[in-house]
Amino acid sequence: MDTAVDIMMSEGKQLPVMEEFYSIQGEGFNTGQAAYFIRIGGCDVGCNWCDVKESWNAGKCPPVQTDEIIRRASECPAKAVVITGGEPLNYNLNYLCNRLHASGLRIFIETSGSQSLSGSFDWICLSPKKSSPPLLPVYRLADELKIIVNDETDLAWAKANAALVNPACQLFLQPEWSRRNKVMPAIIDYIMVHPEWKISLQSHKYMRIP
């Protein structure tokens with residue numbers, strides 16, 4: 001028999017949140033904008049270069065009442081929320097998104113696209129991973145495609161993914177942080193030939209903010 005917590009989790013009224021914080025978006029199309037970040041624990045992808053590996057184990061993230069998350073997010077002056085992980089689409093996000101939108105907040109999600117979409121979003125940032133590629137419907141709905149470049153072979157991966165998103169999707173190549181000096185020349189050369197792409201930098205790390 002499902003426990004009360006299981007039922008609340010399945011309905012999205014509780015979520016295993018690793019952390020919440022108010023900061024500046026440091027990556028991709030919306031770089032520089034203030035937002036309230038909700039990092040949900042649990043990930044089924046597990047990239048070796050992930051810089052938040054502590055988010056992988058949802059068991060270490062006690063369930064939080066979703067109404068409390070919404071209350072805290074609503075108190076921030078930016079009125080914008082970034083849902084990230086881990087992999088946030090491992091959970092039912094309908095309740096969270098419906099209530100955030102009802103409170104007048106814009107919602108951005110960062111996802112690998114490995115799971116079906118739940119919830120409704122003002123901006124979908126899709127960051128595909130080779131070990132668990134996105135589902136085709138997520139490709140079609142993405143507003144932003146962000147490919148992490150660990151070595152030059154990832155540029156071919158970027159091209160393959162760009163062929164699957166909608167024509168209006170913004171395209172970004174982002175150097176893996178620990179290899180940024182090694183891969184940046186290849187990224188620059190690629191974008192000079194393929195100007196539909198832009199460079200995304202993890203500017204929050206330069207600013208030394210979360």
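The values are calculated or read from the model by the stated rules, or taken from the named source; none is laboratory data. Every value quoted in this text rests on a predicted model; they were computed, and no experiment measured them. So basically every Cβ, Gly included, is an ideal-geometry build from the backbone, and we count neighbours across all protein chains shown. For the accessible areas, the whole protein counts, side chains as well, though only heavy atoms, and no ligand, DNA or RNA atoms are used. Shrake-Rupley method; radii C 1.70, N 1.55, O 1.52, S 1.80 Å.
Name all residues of segment 102-132 having a backbone nitrogen under 13 Å from the label point set 7 Å from the Cα of His204 along its Cα→Cβ direction, giving them as ranges. What the label zone holds, given the 13 Å backbone N cut-off, is 108-111. Applied to segment 95-109, the Karplus parametrisation 6.51 cos²θ - 1.76 cosθ + 1.60 on θ = phi - 60° returns per-residue 3J(HN,Hα) values of 4, 4, 5, 4, 6, 5, 5, 5, 8, x, 9, 8, 10, 10, 10 Hz, with x for Gly and Pro. On alpha-carbon atoms, Rg over Rh for the chain using Kirkwood Rh? Using Cα coordinates only, the ratio equals 0.97. In this view, the solvent-accessible surface of Ile83, computed with a 1.4 Å probe and all protein chains in place, comes to about 0 Å².
Using only side-chain charges placed at the Cβ, +1 for Lys and Arg and -1 for Asp and Glu, the dipole size of segment 1-76 relative to its Cα centre rounds to 120 debye. Length available on full extension from Ala4 to Arg180: 0.36 nm per residue minus the Cα-Cα distance, which gives 58.8 nm. Only Cα pairs under 8 Å and 6+ residues apart enter the sum, and on that basis the relative contact order of the chain stands at 18 percent. Among the lysines, which have Cα under 22 Å from the Cα of Lys79 when same-chain residues fewer than 8 positions away are ignored? Qualifying lysines at Cα under 22 Å: Lys13.
Atom-type composition of the exposed protein surface of segment 63-210 places 55 percent of the accessible area on carbon and sulfur (1.4 angstrom probe). Rounded, prolate or oblate, given the Cα gyration tensor of segment 17-114, with a/c below 1.5 counting as rounded? Taking the square roots of the gyration eigenvalues as a ≥ b ≥ c, segment 17-114 is oblate. When the pairs Lys129/Lys205; Lys53/Lys146; Lys159/Lys182; Lys60/Lys182 are compared against a 31 Å limit on Cα-Cα distance, Lys60/Lys182 fall above it.
The mean accessible area for residues of the chain, using a 1.4 Å probe and ignoring ligands and nucleic acids, is 48 Å² per residue. Computed on segment 170-210, the Cα convex hull volume stands at 70 Å³ per residue.
Contact order for segment 31-126, expressed relative to its length and based on alpha carbon pairs under 8 Å spaced 6+ residues apart, stands at 30 percent. Seen from Ala80, the other residues with C-beta closer than 9 Å to its C-beta sum to a net charge of +1, counting Lys and Arg as +1 and Asp and Glu as -1.
Residues whose amide H lies under 5 Å from that of Met18, counting only those 5 or more places away or on a different chain, are Arg39, Ile40, Gly41; hydrogens are built 1.01 Å from N in the peptide plane. By the helix-only formula, in which each DSSP H run with n ≥ 4 contributes -39500 (n - 2.57) and the sum is divided by residues, the chain has a 222 nm mean residue ellipticity of -8000 deg cm²/dmol. Taking 19 Å as the straight-line reach from the Cα of Lys130, the aspartates and glutamates in range (excluding those fewer than 8 positions away in the same chain) are Asp44, Asp51, Glu87, Glu110, Glu144, Asp151, Glu152, Asp154, Glu176. All C-alpha pair distances within segment 140-209, sorted into 10 Å bins from zero, spread as 20, 52, 24, 3 percent across the bins. Using R0 = 30 Å, the C-beta based FRET efficiency linking Ala156 and Ser120 works out to 0.35.
Using a 10 Å Cβ count of at most 15 others and DSSP loop calls, identify the longest part of the chain lacking such GluC sites (Glu not before Pro). It runs 76-151. Annotation for segment 75-118 versus segment 1-46: alpha-carbon center distance of 7 Å.
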